Amino acid sequence: MKITKDMIVEDVLTKYPETLNVFVKQGHCFGLLSNVVARKSLAKLVTIETACKLHFINLEKLVKELNEVVEKKG
């Protein structure tokens, strides 16, 4: 399964825990995901696309990096 911009962040992290570092390195918004409580509460409310728009993160670049990490593990 390929990660897409419309996926919920928590769903991605649950299915592909190896993507956590890719999210966290994006900065403050996704940096909060290193906290388990934040990950379980905030991440289930937002898609990758919405989070990127809210925090001015390059969506295409992030989705590409997430898929690269998943493919390497595969």
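Residues are listed down the side, and each one gets a yes or a no for (1) touching a Ser or Thr at 6+ places or on another chain (Cβ under 6 Å); (2) free of Cβ contacts under 8 Å to residues at least 40 places away in the same chain; (3) within 20 Å of Lys61 (Cα to Cα):
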| residue | (1), (2), (3) |
| --- | --- |
| Val9 | no, no, yes |
| Leu13 | no, yes, yes |
| Asn35 | no, yes, no |
| Ile48 | no, no, yes |
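Go through region 24-49 and count every residue that is modelled with pLDDT under 95 and either under 22 Å from Met1 (Cα atoms) or assigned to a helix (DSSP H, G or I) (or both). It would help to see each step written out before you state the result.
Initial filter on region 24-49 (modelled with pLDDT under 95): 24-46.
Now narrow it down to the ones that are either under 22 Å from Met1 (Cα atoms) or assigned to a helix (DSSP H, G or I) (or both): 24, 28-34, 36-41, 43-46.
Of the residues in that region, 18 qualify.
Looking only at region 39-74, which residues are of a type in the set (Gly, Ala, Ser) and either exposed (fewer than 13 other Cβ atoms within 10 Å of the Cβ) or out of contact with any helix residue (DSSP H, G or I) (no Cβ under 9 Å at 6 or more places or on another chain) (or both)? Spell out how you get there, then give the answer.
Restricting attention to region 39-74, the residues satisfying the condition of being of a type in the set (Gly, Ala, Ser) are 41, 43, 51, 74.
Result: Ser41, Gly74.
For Thr4, are the conditions met, namely being of a type in the set (S, T, N, Q), at pLDDT 95 or above, within 11 Å of the chain's Cα centre (by Cα) and not in a helix (DSSP H, G or I)? Write out each step before concluding.
On the way: of a type in the set (S, T, N, Q): yes; at pLDDT 95 or above: yes; within 11 Å of the chain's Cα centre (by Cα): yes; not in a helix (DSSP H, G or I): yes.
Against the criterion (of a type in the set (S, T, N, Q), at pLDDT 95 or above, within 11 Å of the chain's Cα centre (by Cα) and not in a helix (DSSP H, G or I)), Thr4 qualifies.
The values are calculated or read from the model by the stated rules, or taken from the named source; none is laboratory data. Just so it is clear, the model here is predicted, and its values are computed rather than measured. Don't worry about glycine lacking a Cβ; one is built from the backbone with ideal geometry, like all the others, and counts go over all protein chains shown.
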